[in-house]
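The values are calculated or read from the model by the stated rules, or taken from the named source; none is laboratory data. These figures come from a predicted structure and were not determined experimentally. With ideal geometry, Cβ positions are generated from the backbone for all residues, glycine too; neighbour counts draw on all protein chains shown.
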Amino acid sequence: MKKLFSNIKGDAFGGITAGIVALPLALAFGVSSGLGPSAGLYGAIFLSFFAALLGGTNTQISGPTAPMTAVSMVVIAGIIAVNDGDIEKALPVILTVFLLSGLMQVGLGALGLGKYIKYIPYPVVSGFMTAIGVIILVTQILPSIGYYPNEDTEFVSQFKPQAEELILENILKEEAEEGILVLEDFKETINRAQLITENDILKESKTLAKNEASGVLGALQVLPRALQQINWLELVLALSTIFIIYGFKRITTKVPSTLVALVVVSGVAIAFGLNYRPIEEIPSGIPIPNLGIFTNFNLTSITPYIFTALTLALLGAIDSLLTSVVADNMTKTKHNPNKELIGQGVGNSIGAVFGGLPGAGATIRTVVNINSGGKTKLSGMIAGIMLLIILLGLGPVASKIPAAVLAGILITVGIGVMDYKGLKAIPSLPKDIKIGPFKLSSEVLVMIVVLLLSTLWNLVYAVGIGLIIASLMFMKKIGDLTAERSNVKPLKEEEAWKDEIDFPNKLKEEVFIKHIKGPLFFGSTSDFQQLALQIPDTASAVIIRLGRMQYMDQSGLYAMEDVLVDLKKKNINVLFVGLLKQPKYMMERIDIIPDLIPREHMFNTFKECMIWIKNNVKDLD
């Protein structure tokens, strides 16, 4: 506790500054997600406070981030669509998924898995981050020019037949669930259909129109219509915001340019009474828990999103721990990754209960905190309290912020979040794979696959597919390297190890040596299995040197068994030299030792093995 208050002045200034920087981003991410500005603000408040209090990085400032918001946006849109476009009906399910994600993060930390997050391949992260930037940029074009698909009467009218079909389908489903659907008599169906009003059909049509225009492909599809209906005031507000964000940085970086843009452009719009579109109203007062998470809990409605929740948890973990590394480099300290995950998980879980958007450690806000004097966990807690004070005192004022201003802020976020370092490296990376007539870099291929799938299809599945491709390519490389280093050759062709230099020449056609360097696993078994075929009929013994084979998996174990069986059929003695603990344990479990390799054929050193060779192998020349 004493350490917590050891730097009150610096932590207070750092926390207040970071909280102010977080405000426009929290509002923008909330609007972008589809849950409204309050969701972003609530997420920032609770996550910032509890992640700082319980986390493992003293100076970390947490809140909604671009990657977390992009994935959340997909989750929210999908669940709302399943619930007939009714956000109130969908909200408990959405927040339950966020809560589950937070609990998974706590689990990752409690199980000590934080240290393994670093093994996520860079091309997967690079492709994902660039895709996030593209998604934010493209999806924010429409609000920045004042076009909202569900308000375009002509566009909405196209979905009227589909809306009527969907409404009828829902009526039939309700009747089926109630057990009153009878194919011979549709009287009840007709009665219920007559209760449907034009407003009900219009509402469903608007929902379908909004869904059709969601995501990158949807936004590009309606872009030609949007460009014909540009709201020039909204466009000027968005462009002014972008101009100030980039321009003010040239004057000074001590004052956050995002906040300056928010205050100046919003202030001008309000002061001159411009006819702009404001953001959704931010509820005033203390945030209230959404008890529907617990009272309306339904396992079947959550089950399809368990993998999505895990993806959110892992993404938040990566995002947070990368920021922790940045904080370590700046403060010359060392973070606790598992404790950090627990703090992030608790913060996201509590935030979800209060209707907040999930988030992670935010690099820019953390850097601002450190540069402003923050040194302890108190700074992150103060940032959360600062946002709560703004919510309570300035909620009605914040509700007047133009939507186009937040769209402009998000466009700069989208530009900034792309991985330009990874993109610049594409021409220089070695082309190590061949697909048809084309040579490509395996890392570039993974990055492009993740980028395209994330942008055009599904963020969640893209990451999973990217990890699988990267893992398979890595295993192939390791297998190739292992096989290359451990080729089976007659001793006269293979480079002898130091202790093999004096091997008798007269025995070189009878005794062959196999060097296994590195693990024998499923990526390297195919070449090893050729051993029996490569040993000539003149051989009477094969020495397999295993002192550098630290590990053997089940695939390697059975490959070894196959080779030993084949050699035994040829009446060739197999001698093991330097067998290590783990491979020995594996071979004893399925009785390779002693059934195929008697213990008298196992030697600790090559010198001991040579004594057996000289006593048991005769020169056939």
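Going by the conditions given, is residue 41 part of a loop (DSSP other than H, G, I, E, B), among the aliphatic types (A, V, I, L, M) and within 25 Å of residue 411 (Cβ to Cβ)? Criteria not met by residue 41. Take the residues of segment 202-218 that are in contact with a helix residue (DSSP H, G or I) (Cβ under 7 Å, 6 or more places away or on another chain) and of a type in the set (Lys, Arg): which is farthest from residue 456 (Cα to Cα)? Among those that are in contact with a helix residue (DSSP H, G or I) (Cβ under 7 Å, 6 or more places away or on another chain) and of a type in the set (Lys, Arg), it is 206.
Would you confirm whether or not segment 415-437 contains a residue that is modelled with pLDDT of 85 or more, closer than 28 Å to residue 469 by Cβ and crowded, with 16+ Cβ neighbours inside 10 Å? Looking through segment 415-437, at least one residue is modelled with pLDDT of 85 or more, closer than 28 Å to residue 469 by Cβ and crowded, with 16+ Cβ neighbours inside 10 Å. When residue 81 is tested against (1) over 20 Å from the mean Cα position of the chain (by Cα); (2) more than 24 Å from residue 403 (Cβ to Cβ); (3) part of a helix (DSSP H, G or I), exactly one condition is not met: (2).
Being surrounded by fewer than 20 Cβ atoms within 10 Å (Cβ to Cβ), within 42 Å of the chain's Cα centre (by Cα), farther than 29 Å from residue 594 by Cβ and modelled with pLDDT of 85 or more: is that true of residue 478 here? Reasoning before the result, please.
Working: surrounded by fewer than 20 Cβ atoms within 10 Å (Cβ to Cβ): yes; within 42 Å of the chain's Cα centre (by Cα): yes; farther than 29 Å from residue 594 by Cβ: yes; modelled with pLDDT of 85 or more: no.
It is false that residue 478 is surrounded by fewer than 20 Cβ atoms within 10 Å (Cβ to Cβ), within 42 Å of the chain's Cα centre (by Cα), farther than 29 Å from residue 594 by Cβ and modelled with pLDDT of 85 or more.
One line per residue, one yes/no per condition, for (1) more than 34 Å from the chain's Cα centre (by Cα); (2) β-branched (Val, Ile, Thr):
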site	(1), (2)
193	yes, no
211	no, no
234	no, no
245	no, yes
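For the list (1) more than 51 Å from the chain's Cα centre (by Cα); (2) at pLDDT 80 or above; (3) surrounded by 19 or more Cβ atoms within 10 Å (Cβ to Cβ), I need the number of the one condition that residue 543 fails. So residue 543 meets the others, but not (1). Before we move on, is residue 272 over 29 Å from the mean Cα position of the chain (by Cα) and more than 10 Å from residue 96 (Cα to Cα)? For residue 272, the condition - over 29 Å from the mean Cα position of the chain (by Cα) and more than 10 Å from residue 96 (Cα to Cα) - is met. Any residue at all in segment 32-52 that's surrounded by 24 or more Cβ atoms within 10 Å (Cβ to Cβ), in contact (Cβ under 8 Å) with a residue 24 or more places away in the chain and closer than 20 Å to residue 461 by Cβ? Looking for residues that are surrounded by 24 or more Cβ atoms within 10 Å (Cβ to Cβ), in contact (Cβ under 8 Å) with a residue 24 or more places away in the chain and closer than 20 Å to residue 461 by Cβ, one finds at least one in segment 32-52, hence yes. Condition check for residue 379 on (1) surrounded by fewer than 24 Cβ atoms within 10 Å (Cβ to Cβ); (2) more than 22 Å from the chain's Cα centre (by Cα): one failure, at (1). Condition check for residue 334 on (1) more than 18 Å from residue 78 (Cα to Cα); (2) buried (at least 20 other Cβ atoms within 10 Å of the Cβ): one failure, at (2).
The single condition among (1) assigned to a loop (DSSP other than H, G, I, E, B); (2) at pLDDT 90 or above that residue 375 does not satisfy is (2).
Please state which one of 597, 611, 535, 572 is of a type in the set (Val, Ile, Thr), closer than 25 Å to residue 500 by Cα and without any contact (Cβ under 8 Å) to a residue 24 or more places away in the chain.
611
Just for helices (runs of 4 or more DSSP H) wholly inside segment 100-172: which have at least 3 residues that are within 30 Å of residue 238 (Cβ to Cβ) and under 16 Å from the mean Cα position of the chain (by Cα)? First the steps, then the outcome.
Details: elements: 122-139, 141-144, 153-157.
Here the list reads 122-139.
From the list 61, 76, the one residue that fits, being of a type in the set (A, V, I, L, M, F, W, C), touching a Gly at 6+ places or on another chain (Cβ under 7 Å) and without any contact (Cβ under 8 Å) to a residue 60 or more places away in the chain, is 76.
The rows are residues; the columns are (1) in a helix (DSSP H, G or I); (2) touching a residue at least 24 places away in the same chain (Cβ under 8 Å); (3) within 23 Å of the chain's Cα centre (by Cα).
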{"position": "283", "(1), (2), (3)": "no, yes, no"}
{"position": "309", "(1), (2), (3)": "yes, yes, yes"}
{"position": "313", "(1), (2), (3)": "yes, yes, yes"}
{"position": "320", "(1), (2), (3)": "yes, yes, yes"}
{"position": "323", "(1), (2), (3)": "yes, yes, yes"}
{"position": "334", "(1), (2), (3)": "no, no, no"}
{"position": "342", "(1), (2), (3)": "yes, yes, yes"}
{"position": "366", "(1), (2), (3)": "yes, yes, yes"}
{"position": "387", "(1), (2), (3)": "yes, yes, no"}
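Of all residues assigned to segment 558-572, none qualifies as being surrounded by 22 or more Cβ atoms within 10 Å (Cβ to Cβ) and either hydroxyl-bearing (Ser, Thr, Tyr) or in contact with a His (Cβ under 6 Å, 6 or more places away or on another chain) (or both). Of all residues in segment 344-364, those satisfying the criterion of being at pLDDT 90 or above and in a helix (DSSP H, G or I) are 344, 345, 346, 347, 348, 349, 350, 351, 352, 353.
Only one of 327, 403 is touching a residue at least 40 places away in the same chain (Cβ under 8 Å) and closer than 30 Å to residue 232 by Cα; which?
Details: 327 fails: closer than 30 Å to residue 232 by Cα.
Step by step, each of 327, 403 is checked, and only 403 is touching a residue at least 40 places away in the same chain (Cβ under 8 Å) and closer than 30 Å to residue 232 by Cα.
Only a single item in (1) of a type outside the set (Gly, Ala, Ser); (2) more than 30 Å from residue 210 (Cα to Cα); (3) without any contact (Cβ under 8 Å) to a residue 12 or more places away in the chain is not met by residue 123, and it is number (3).
For segment 5-17, the count of residues that are in contact (Cβ under 8 Å) with a residue 60 or more places away in the chain and touching a strand residue (DSSP E or B) at 6+ places or on another chain (Cβ under 9 Å) is zero. Among the residues of segment 213-225, which ones are under 32 Å from the mean Cα position of the chain (by Cα) and part of a helix (DSSP H, G or I)? Once the filter is applied, which keeps residues that are under 32 Å from the mean Cα position of the chain (by Cα) and part of a helix (DSSP H, G or I), segment 213-225 yields 215, 216, 217, 218, 219, 220, 221, 222, 223.
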